[in-house]
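What follows is a set of notes on a single structure, which appears directly below.
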Amino acid sequence: MIILGINETSHDASVSLIKDGDILFAGHAERYSKEKNDWYVNDKLINDALQHGTPDHIAYYEKPLLKASRLALRGGSGDWKPQFNIPGIPKKSFRHHYSHAAAGYYTSSFNNAVIVVLDAMGEYNTSTIWVGEGEKIKLKYKQNYPISFGLFYSAFTQLIGLMPNQEEYIMMGMAAYGDWTKYYSKVDEYFPSYDNQKYNFHKGITDWGWVSEEDKFDIAAAVQFVYEQRLNDFMRMAQSLTGKKNLVFMGGCALNSSANTLLWKIFDMIWIMPNPGDAGSSLGAAAALYGKHIEWKDPYLGYDLGGTYPIQQIVDGILKDGVVAVASGRAEYGPRALGNRSILADPRDPNIKDKVNLIKQRELFRPFAPVVMAEHASKWFAMDFESPYMQYTVKCLQPEKIPSVVHADGTSRVQTVTKDQHSGLYRVLNKFYLQTGVPILLNTSLNIKGQPLLNDEDDIEQWQKTYKSLVIR
Ligand SMILES: [Fe+2]
């Protein structure tokens, strides 16, 4: 049975195609339309997906009538139902949070786990706890709009002048530069416990007053601190409610890599599907319809540029120029570039951070992430777990040797890689290690700030013309 999963009319439209237990394709609308956070699927994306098979069923993300009622009662943006349709094919819609839960649990290796979904909001749900046992997923706890972890974080993102629903990751990065103690008690009043908030953050924060440029970093630090405290409380409640030692964490909040690290103190094993936000929910809806585990091999599920990974060219380029852009094979499904649409650079050079930030036209304070050979990770970073999808931020143990991938607070958002996960990238790292003694590279997404990742041949040609910078393929 081939199922086409569709996520449309919620930010980050996407399409997935699964056949029985295999994922044939999963891709983001924005990479094809070039419109960041595109809400709608497009013909190019659909045609790319359908090259892999003809669907017997369509599974939609979100229940349209429930969403329509929420939009009518509570407001919000977007259409209440998807536009995409193939006449004559059976269709089914799945709830927002259930799709998140299915995307996480059915791609995990667990047969017994608690599933926590935290985001801004689904149709009504904002925080849910589920239990996954065998192939069954059952709801155990729900919290509804307007109390919401995601809306809290987004409202403060907006307060400090960033784009809500889009630039939360920038506020997370700014937190490392601020003093959390300055505004802690004030922010804490807005979110005193996981089931209590001062008011409806959907409408933004209206009673804070003027925010200076300097204050923005201190506010970001306080918000991150309070968020982590509430997350800790909520996760401990989820653990004691269900008694489970394995956690599946999904929803946009699972993209907060700084906060995710604390979860290892609560759970034995953790799975965060590498695309835990709404963009991952086309796969979630398809998995929900399938109703069984699907095999997660890797996140390289999108547009296929083909070719073999240009290992030697990458190593030579980095040793010569310090930085290379690489595009090869299938595009990553998820927000992080994990080697196939990446800019890779020498982490030893303290000036490389500015150089890459200038290429990407980003703020100079923005940190970069390291990719490290998995077997060396614990020597360089305070971690005793793998992080193949750049989902956890940990303390760097040798910051003086790799200054360009260490954040202001001494941490790094680490990607670990094994030969099995990405043999090409692993071999690049190994060659760099043999030459330099450092098994680490800087890895950041191949895009300009605010634009989608490069996807296909046309994008690469355009990039080379516009920025006069070569993309290795
Ligand atoms: Fe969501």
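Only the coordinates and a few stated rules stand behind these numbers; no lab work does. Not measured: the values here are computed from a predicted model. No Cβ is skipped: glycine too gets one built from the backbone with ideal geometry, and neighbour counts run over all protein chains shown.
For the range 258-314, a residue qualifies if it is charged (D, E, K, R) and assigned to a helix (DSSP H, G or I), and the qualifying residues are LYS265, ASP278.
Pick out the one residue from SER77, SER99, SER154, SER127 that is within 16 Å of the ligand (Cβ to nearest atom), crowded, with 22+ Cβ neighbours inside 10 Å and not in a helix (DSSP H, G or I).
None of the other options fit; the residue is SER127.
Among the residues of the range 382-435, write down those that are of a type in the set (Phe, Trp, Tyr), part of a helix (DSSP H, G or I) and under 22 Å from GLY334 (Cα atoms).
Within the range 382-435, TYR426 is the sole residue that qualifies.
For beta carbons closer than 6 Å, sequence separation of 6+ or different chains, a first residue in the range 274-298 that is within 13 Å of TYR98 (Cβ to Cβ) and a second that is among the aromatic types (Phe, Trp, Tyr) and near the ligand (Cβ under 10 Å from one of its atoms), the qualifying pairs are SER281/TYR61; ALA285/TYR61. For the range 81-96, enumerate the residues that are out of contact with any Asp or Glu (no Cβ under 6 Å at 6 or more places or on another chain) and more than 16 Å from the ligand (Cβ to nearest atom). Scanning the range 81-96 gives LYS81, GLN83, ASN85, ILE86, PRO87, GLY88, ILE89, PRO90, LYS91, LYS92. Does LYS63 fit the bill of being closer than 12 Å to TYR124 by Cα and touching a residue at least 40 places away in the same chain (Cβ under 8 Å)? When the stated conditions are applied, LYS63 passes them. Restricting attention to the range 109-124, which residues are within 15 Å of the ligand (Cβ to nearest atom) and part of a loop (DSSP other than H, G, I, E, B)? ASP119, ALA120, MET121, GLY122, GLU123, TYR124, listed by residue number. Residue selection: ILE170 fails the criterion of being surrounded by fewer than 21 Cβ atoms within 10 Å (Cβ to Cβ) and either small (Gly, Ala, Ser) or over 19 Å from the mean Cα position of the chain (by Cα) (or both). One residue is enough: does the range 175-185 have a residue meeting the conditions in contact (Cβ under 8 Å) with a residue 60 or more places away in the chain, touching a helix residue (DSSP H, G or I) at 6+ places or on another chain (Cβ under 8 Å) and crowded, with 21+ Cβ neighbours inside 10 Å? Scanning the range 175-185 turns up at least one residue that is in contact (Cβ under 8 Å) with a residue 60 or more places away in the chain, touching a helix residue (DSSP H, G or I) at 6+ places or on another chain (Cβ under 8 Å) and crowded, with 21+ Cβ neighbours inside 10 Å. Each residue in the range 236-257 was checked for being away from the ligand (no atom under 16 Å from the Cβ) and assigned to a helix (DSSP H, G or I), and 8 pass. Taking first residues from the range 222-234 that are without any contact (Cβ under 8 Å) to a residue 40 or more places away in the chain and partners that are outside any helix (DSSP H, G or I) and surrounded by fewer than 22 Cβ atoms within 10 Å (Cβ to Cβ), no Cβ contact under 7 Å between residues at least 6 apart in sequence or on separate chains turns up.
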